[in-house]
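Report on the following structure.
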């Protein structure tokens, strides 16, 4: 059973308490709101200050190529992309196409103005004028423009920045990469011939003092930039329609560059389509002279033989054989061409392939029989027939070459490629970026969740005391729990006189906590040797002074004679509750021997309540407290009053409360809810024990039920500054 209970307890500890988490976030709502607002402002500045980006779109159609290998219909759907489309996309983004487009559109020149810092640029973009002060006159305004008509730089200046500064009268000054300077005027070429530099500004509209950065990019840099800005994709699946998108900061330039890319791609496609015709034409034209020579040789041989043998005609039989042989040879040539086509599609065992082989065999057999008949002819007729056949064959080849050459010339001249521009480049005048509403929404969301993260991290890194039970678990009894009073907390931040809550609002729930403390303290002090209580804390801003004065008032209202002593001789301010000047003698004056006890005790308007201020801040408060006169003071206060309350500095800041605690009857720690940590209490308790004192108990102050187990937005530090407040004279 014990193991089961331990397991359940562990499970309960590991559970996420959504209610507590919601309370943590609600407690940090101000911080979350601040983070959200700051992120929203940053997002708005980014949205307004970022230059617009435009998107140009062009469409290309890839027409079908003849001779393309067809896939079975059942396998067509398995192809994720048309291989031809993938190939053409790679060609479009190749160096060949983009390099030619860059040269045609002259995108290797960059003339960009110096832009204002982001917040100021946002103001300028919404029409708010930016003052020409603090060097801001060098930054461009939305209406400024510059157009280059010519730019040539030496090789070692590629990628380097040339600064153009606008001057009066449409003139300008150039600062070159070698730090030399040149002057020029718009529409006039500025040259340095020995360096190979030339520049001409075609249009310049900017106020004097504006600066532009001019750069001549290398071909590789331009191609990298175009590839980064260009996207090519096929519309639909196997549609053959390619969509080209190019982004850019300038609307007209983006359209012009995309047009150059599509035109460069179209030109290379046409050139590629005409390449076969060109290569074939070169080959055919190279064969024509040889064919012409063969005709002349064959004709000369035939004529010479006829004259020699006095043979004029072949006769009917010879002419018939010649015609048949020529016809069979033509048919065999056609079958050879068909065989080359079938060999790419079928194996020799295919029926169509076998049919072609059989047909060719029959023709060859017939041709062989005809040649045998020719061999039986008389010698003269046989020789005339052979020579005539050679002449006609040479003539046929020559005519065919001439016809083919003419066809190739026409094909080369009329080639348009297999790509068609469906839509030329067109850019929408509405920019695609920045998307201001989206940026603002995302920044608000990120700011909100960032604030949530900060609150949760704060709670994770530091979690103060949440309940009296946590203090009790450290072995320290809790005398009372005092609720938070927001009105008094705001009043304590003022430098004027402070009201006492026990007098101004005696029915407040906070005062009920002090009454409970008065009762607990009464019983706790029954066995004490002195009716003097030291109030201290681990760190500043725990509420010691507020507790001291209100506890003194409620104790006096119960009929006790009470004295409240401000022993914080570095920055004590209890005198402000009694409207005493800083020059009034107090504890420091008494301990230094400059005043006696009766001079420093001040009776308040509350019956039974007296007060001793710090007096003038001394340079050595710890040394004064270590004098025997302080113990004499404690003894005298114990005789005169039913209860004495000594307000001291924090233990973790100075040693004063350790000295005071040894001389008094009890030392009580003020623990601020969700501010003081358990570790601080343990260190404070350890230091008191080492000094010979002890911690009698604690008061849980500023308890806020709404923030139980909720993260606190308060900051804290061990630093405790005792500089004199110069505003208090």
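Checking 349, 269 one by one, the residue that is out of contact with any helix residue (DSSP H, G or I) (no Cβ under 7 Å at 6 or more places or on another chain), in a helix (DSSP H, G or I) and either closer than 30 Å to residue 85 by Cα or at pLDDT 70 or above (or both) is 269 and no other.
How many of the residues making up region 563-592 are assigned to a helix (DSSP H, G or I) and more than 16 Å from residue 664 (Cα to Cα)? If you could, list the steps in order and put the result at the bottom.
Filtering region 563-592 down to residues assigned to a helix (DSSP H, G or I) leaves 574-577, 587-591.
The next check asks that each one be more than 16 Å from residue 664 (Cα to Cα); those that pass are 574-577, 588-591.
Residues that pass the stated criteria total 8.
If you check residue 598 against the conditions, is it closer than 13 Å to residue 585 by Cβ and either assigned by TED's automatic domain parsing to the domain that holds residue 533 or touching a helix residue (DSSP H, G or I) at 6+ places or on another chain (Cβ under 9 Å) (or both)? Spelling it out, residue 598 is indeed closer than 13 Å to residue 585 by Cβ and either assigned by TED's automatic domain parsing to the domain that holds residue 533 or touching a helix residue (DSSP H, G or I) at 6+ places or on another chain (Cβ under 9 Å) (or both).
May I ask you to verify whether residue 319 is surrounded by 11 or more Cβ atoms within 10 Å (Cβ to Cβ), at pLDDT below 65 and closer than 22 Å to residue 397 by Cα?
Numbers: surrounded by 11 or more Cβ atoms within 10 Å (Cβ to Cβ): yes; at pLDDT below 65: yes; closer than 22 Å to residue 397 by Cα: yes.
In short, yes.
Looking only at region 564-582, decide whether some residue is surrounded by fewer than 17 Cβ atoms within 10 Å (Cβ to Cβ) and in contact with a helix residue (DSSP H, G or I) (Cβ under 8 Å, 6 or more places away or on another chain). Within region 564-582, one or more residues are surrounded by fewer than 17 Cβ atoms within 10 Å (Cβ to Cβ) and in contact with a helix residue (DSSP H, G or I) (Cβ under 8 Å, 6 or more places away or on another chain).
Taken over region 149-168, the criterion of being in a loop (DSSP other than H, G, I, E, B) and over 19 Å from residue 186 (Cα atoms) is satisfied by 154, 158, 159, 160. Among the residues of region 599-622, the one identified as within 24 Å of residue 554 (Cα to Cα) and assigned to a helix (DSSP H, G or I) is 600. Taking the residues in region 518-546 that are under 57 Å from the mean Cα position of the chain (by Cα) and surrounded by fewer than 24 Cβ atoms within 10 Å (Cβ to Cβ) as candidates, determine which candidate is nearest to residue 561 (Cα to Cα). Looking at residues that are under 57 Å from the mean Cα position of the chain (by Cα) and surrounded by fewer than 24 Cβ atoms within 10 Å (Cβ to Cβ), I get 545. From the list 613, 605, the one residue that fits, being within 17 Å of residue 574 (Cβ to Cβ), assigned by TED's automatic domain parsing to the domain that holds residue 561 and loosely packed, with under 15 Cβ neighbours inside 10 Å, is 605. State whether one or more residues within region 57-64 are modelled with pLDDT under 85, surrounded by fewer than 12 Cβ atoms within 10 Å (Cβ to Cβ) and over 32 Å from the mean Cα position of the chain (by Cα). Yes, that holds for at least one residue. For the condition surrounded by 13 or more Cβ atoms within 10 Å (Cβ to Cβ), closer than 30 Å to residue 58 by Cβ and modelled with pLDDT under 95, residue 217 qualifies. Within region 29-47, residues that are surrounded by fewer than 17 Cβ atoms within 10 Å (Cβ to Cβ) sit with their Cβ atoms under 7 Å from residues that are not in a helix (DSSP H, G or I), at 6+ positions apart or across chains, in these pairs: 30/713. In a residue-by-residue description of region 119-138, the property of being surrounded by 14 or more Cβ atoms within 10 Å (Cβ to Cβ), in contact with a strand residue (DSSP E or B) (Cβ under 6 Å, 6 or more places away or on another chain) and modelled with pLDDT of 90 or more applies to no position.
Mind checking whether some residue in region 74-82 is modelled with pLDDT under 85, touching a strand residue (DSSP E or B) at 6+ places or on another chain (Cβ under 9 Å) and assigned to a loop (DSSP other than H, G, I, E, B)?
Step one: list which residues in region 74-82 are modelled with pLDDT under 85, which gives 74-82.
Among the residues that remain, those that are also touching a strand residue (DSSP E or B) at 6+ places or on another chain (Cβ under 9 Å) are: 81-82.
Then drop every residue that is not assigned to a loop (DSSP other than H, G, I, E, B), which leaves 81-82.
Scanning region 74-82, I find at least one residue that is modelled with pLDDT under 85, touching a strand residue (DSSP E or B) at 6+ places or on another chain (Cβ under 9 Å) and assigned to a loop (DSSP other than H, G, I, E, B), so the answer is yes.
Scanning region 373-395 for residues being modelled with pLDDT under 65 and either part of a helix (DSSP H, G or I) or not assigned by TED's automatic domain parsing to the domain that holds residue 284 (or both) gives a total of 10. Only one entry in 212, 172 is buried (at least 18 other Cβ atoms within 10 Å of the Cβ) and over 37 Å from the mean Cα position of the chain (by Cα), namely 172.
Any residue at all in region 396-410 that is modelled with pLDDT of 90 or more and crowded, with 17+ Cβ neighbours inside 10 Å? Don't jump to the end; show me each part of the working.
As a first pass, look at region 396-410 and keep what is modelled with pLDDT of 90 or more: none.
Looking through region 396-410, none of the residues is modelled with pLDDT of 90 or more and crowded, with 17+ Cβ neighbours inside 10 Å.
Look through region 547-562, keep the residues that are touching a strand residue (DSSP E or B) at 6+ places or on another chain (Cβ under 8 Å) and assigned to a loop (DSSP other than H, G, I, E, B), and return whichever of them is surrounded by the most Cβ atoms within 10 Å (Cβ to Cβ). Even if it seems obvious, please write down each step before you answer.
Residues of region 547-562 that are touching a strand residue (DSSP E or B) at 6+ places or on another chain (Cβ under 8 Å), as a first pass: 547-549, 551-553, 555-556, 560-562.
So of that shortlist, the ones also assigned to a loop (DSSP other than H, G, I, E, B) come out as 560-561.
Details: 560: 17, 561: 15.
Looking at residues that are touching a strand residue (DSSP E or B) at 6+ places or on another chain (Cβ under 8 Å) and assigned to a loop (DSSP other than H, G, I, E, B), I get 560.
The values are calculated or read from the model by the stated rules, or taken from the named source; none is laboratory data. Computed from a predicted model, the values in this text were never measured in an experiment. Glycine also receives a Cβ, built like all others from the backbone with ideal geometry; neighbour counts cover every protein chain displayed.
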